[in-house]
Amino acid sequence: MEGIRLVLFDLDDTLLYFDDYWKRSMYESFESYPLTQGIGMDRLFPVFLEKDELFHEQWLSGVIDGGEFRRLRFIHTLAEFNISTGAEEAEAFERWFWTVRAPYIPHDPLLIERLKRWGEVYQLGILTNGTSEDQYDKLRRMGLDGLFTKSNVFVSDELGTAKPKPDAYRITASRMGFKPVETLFVGDSWMNDVIGPMQAGMRAVWLNRGNKPVPDEPVPEAVIGHLEELEHLLLHKMNN
């Protein structure tokens, strides 16, 4: 595993575990938001989860972008209760959600220390699908905004392309001054963080938190269940 100089990470469900904050803070956001607090969460939240899944699939398939995904799931949820809203109301709710979720996003000193150690050996970066304002807010809440800045964070809405398109990975590596062959990608999505990077000429480590069955092809450098398992790989195995 010689020759790796750049390590790129996915953000959601890799550096930041979605289940740590999302459902609980989203529920609280709807429960407390003036426009929705009177509907009743036993009625509203199942509808929202249904719309979230529907439009998330459209986002993953490239039909809509991350901003449209967040707006549409809100607008269509409220439409089920005969409440007419548009982009302005959806954006206002999203900002309410960011405020509510803030205390739920973990500030993990151990993660910060690990990333600092890895950063002494490799250049580090993030390639993530989403909207810039949202992703930078997460990094700030996590205490990672000192390690990851505009120079080494690449968000699909700014990049103009998204994972798993090969150019998303190649552009990111190039802007950081590296070739794909010098790059290791680490993430939880088999399609976005293993197949996509490897098709672009990178190597990959799959973060398989749920112990899902490992597909036969392609073969990543490693499959890990927890991010801390990357320590041995990066600081020992890859330098031997």
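Within the stretch 229-239, does at least one residue satisfy the condition of being part of a loop (DSSP other than H, G, I, E, B) and either in contact with a Pro (Cβ under 9 Å, 6 or more places away or on another chain) or in contact (Cβ under 8 Å) with a residue 12 or more places away in the chain (or both)? Spell out how you get there, then give the answer.
Quick first cut of the stretch 229-239, residues part of a loop (DSSP other than H, G, I, E, B) only: 236.
Narrowing further to those that are either in contact with a Pro (Cβ under 9 Å, 6 or more places away or on another chain) or in contact (Cβ under 8 Å) with a residue 12 or more places away in the chain (or both): none.
Within the stretch 229-239 (the criterion being part of a loop (DSSP other than H, G, I, E, B) and either in contact with a Pro (Cβ under 9 Å, 6 or more places away or on another chain) or in contact (Cβ under 8 Å) with a residue 12 or more places away in the chain (or both)), the answer is no, since none of the residues qualifies.
In the stretch 197-223, how many are part of a helix (DSSP H, G or I) and touching a Gly at 6+ places or on another chain (Cβ under 9 Å)?
So the first thing to find is which residues in the stretch 197-223 are part of a helix (DSSP H, G or I), and the list is 197-199.
Checking the rest, the ones that are also touching a Gly at 6+ places or on another chain (Cβ under 9 Å) come to 197.
Residues that pass the stated criteria total 1.
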* **Matching residues in the stretch 82-110 - criterion: being closer than 17 Å to THR14 by Cβ, buried (at least 18 other Cβ atoms within 10 Å of the Cβ) and aliphatic (A, V, I, L, M)** => ILE105
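With GLY86, GLY38, GLY62 as the choices, which residue is modelled with pLDDT under 95, over 18 Å from the mean Cα position of the chain (by Cα) and either on the phi < 0 side of the Ramachandran plot or not hydroxyl-bearing (Ser, Thr, Tyr) (or both)? Working first, answer last.
On the way: GLY86 fails: modelled with pLDDT under 95; GLY62 fails: over 18 Å from the mean Cα position of the chain (by Cα).
Of the residues listed, the single one that is modelled with pLDDT under 95, over 18 Å from the mean Cα position of the chain (by Cα) and either on the phi < 0 side of the Ramachandran plot or not hydroxyl-bearing (Ser, Thr, Tyr) (or both) is GLY38.
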* **Residue satisfying all of: in the stretch 177-191; without any contact (Cβ under 8 Å) to a residue 40 or more places away in the chain and assigned to a helix (DSSP H, G or I); nearest to LEU207 (Cα to Cα) among these** => TRP190
* Could you name every one of the helices (runs of 4 or more DSSP H) located completely within the stretch 1-105 that has at least 3 residues being in contact (Cβ under 8 Å) with a residue 40 or more places away in the chain and touching a helix residue (DSSP H, G or I) at 6+ places or on another chain (Cβ under 7 Å)? => 22-32, 66-79, 87-101
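The values are calculated or read from the model by the stated rules, or taken from the named source; none is laboratory data. Bear in mind that the values here come from a model prediction, so they are computed numbers and not experimental data. With ideal geometry, Cβ positions are generated from the backbone for all residues, glycine too; neighbour counts draw on all protein chains shown.
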